[in-house]
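Colleague: One structure is given below, represented as structure tokens, and several questions about it will come after.
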Amino acid sequence: MKKWASFIMFLMLVMTGCTDSDPAQKDTAATQQTANLQEQTKTPDQTTSDTSTQMQAREPLPPVKRELTAFELALANQVVGTYAGENYDEEKVKKELDKLPATLTSEQYLEELLKLLGEDYRPFVLTFANFDSSVDVHLQRPTEEITLPETQKTHFALLIDASGSMKGKVGKKTKMEAAREAIDQFASVLPKNATISLRVYGHKGSGSDQDKALSCASTETFYSETGYQKESFQQALGKVQPAGWTPIAKALQAVQEDIPAGTNETFVYVVSDGIETCGGNPVEAAKALNQSSIKTVVNIIGFDVDNEGQRMLKQVADAGAGTYITVQDEEALKKHLRGEYDKLKQAWYAWKENAKEDALSQKEAKKKLAEDTKEKVKALVEEEKQRLLDAREYLKKRFNGKGGIMDTDSAIIDRKQEIWRYAVDTGNGLWRDSVDNGNQEWREVIEEGQQGVRDANAKKP
């Protein structure tokens, strides 16, 4: 270990030269140090080693995320041997070894051997120093506002029956009050980038025969915006008052006026408590909408409708390729319309599963990087050790087992063990950190996803 400590001191001297602010001075200092060493040890009949084995200062280290230890600095700044790695050539190494005198100390021999065979550990030191074991999922979280893809232009046409019969009560509220509240809650969960129109029919005149013409001709758009704008939508709803007859067909025919240009698809929701009473043909009107150039689906919600009315309204929904649902009270109407919130719940389910996969993927990638770096250093130092021992054995035979070369074995072994231990300890530590952080993030995204589902359920209209 004392010999290895001496080697570390030697590397520290090299490191100090490499971190000097003047590159020219660093090169000069390193060259002078080698020259001094050779001057002290050579004899008159000795020739100096080829300049290819002279020690040259390395490029300065790039910035790293954490401070390097003294050992890492020495290892990262160690000069790479002329015949290290793929440059290894046994015959050329022997020719260089033949130039070495028999009078060097064991520390000097090790220095010379490393000039020839010392491997490059800098990339691995930098990998360890810049290693980020954190695991962070950055997938976009679902929000309460459901958003459609930019290429999907969807329109929701909401039609409210304002005939006089909507004054009738279901529970403690009139059908109109219940319908307004349910439609408001439904509109509030529609995709924020979809267009929404609110059309009223039968809202003029009265239910008397003398007002029939006026009432049957009445259909009007009270709201037409992109997304749900709470204040303006509720103001529009507030203007809807039950009054006259039920011109469903006319309202359906007018829907095309509400569909913005460029729309890909339209969903129509008609809330009515009765059948057509103005002589129109809502079945044909729904069929025409469905067969228009813009894909349109007509859904009918029968609110407190008798059996005959249900059969007729179902025909309208069938013609519009939509669904018919009958509800008898306020809560049933809300329950049907609140289904859009399930999209948010499903979005959180999907996010949770994707986030779990992302956290696991990040963890596995970091584990692999830590493990691979550790194994590469282990393999590299093992190869370096064997080549150093082979060179030492060659010199041992050349010097007939005498001199300082005999004492280099332990220093070579110590060097190998120190680098090996550094790789194992650092790599295993980063591997464990990655596992712990990945598992923690995995648990957190599960909890966040489950909480998102709970919140979506709690916020359902």
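The values are calculated or read from the model by the stated rules, or taken from the named source; none is laboratory data. Nothing here was measured: the structure is a model prediction, and the numbers come from that model. Cβ atoms come from the backbone with ideal geometry, glycine included; neighbour counts cover every protein chain shown. Keep in mind that these areas ignore ligands, DNA and RNA; they rest on the heavy atoms of the full protein, side chains included. Shrake-Rupley method; radii C 1.70, N 1.55, O 1.52, S 1.80 Å.
Colleague: Apply the Debye scattering formula to the stretch 154-327, with a single equal point scatterer on each alpha-carbon and no solvent, then give log10 I(q)/I(0) at q = 0.09, 0.16, 0.20 Å⁻¹.
Modeller: -0.26, -0.89, -1.42
Colleague: Need one value: the accessible area of Ser215 in square angstrom, 1.4 angstrom probe, rounded to the nearest 10.
Modeller: Approximately 0 Å² for this residue.
Colleague: Give me the distance in nm between label points sitting 7 Å out from Cα along the Cα-to-Cβ direction at Glu265 and Gln315, one decimal.
Modeller: 2.8 nm
Colleague: Let me ask something else about it. Convert each backbone phi in the stretch 211-222 into a coupling constant with the Karplus relation 6.51 cos²θ - 1.76 cosθ + 1.60 (shift: θ = phi - 60°), then list the ³J(HN,Hα) values in order as whole Hz, x for Gly and Pro.
Modeller: Values per residue, Gly and Pro as x: 9, 4, 4, 5, 5, 5, 8, 8, 8, 8, 8, 9 Hz.
Colleague: Further question: Please report the carbon-and-sulfur percent of the accessible area for the stretch 154-327; probe 1.4 Å, protein heavy atoms only, DNA, RNA and ligands left out.
Modeller: 46 percent
Colleague: Tell me, in nm to one decimal, what length is gained between Asn400 and Ile446 on full extension, where the rule is 0.36 nm per residue of separation less the Cα-Cα distance? Let's see the in-between values first.
Modeller: On the way: separation 46, 0.36 × 46 = 16.56 nm, distance 6.99 nm.
So the extension gain works out to 9.6 nm.
Colleague: Can you work out the accessible area per residue across the stretch 154-327, with the rest of the protein chains kept in place, probe 1.4 Å, in square angstrom?
Modeller: 42 Å²
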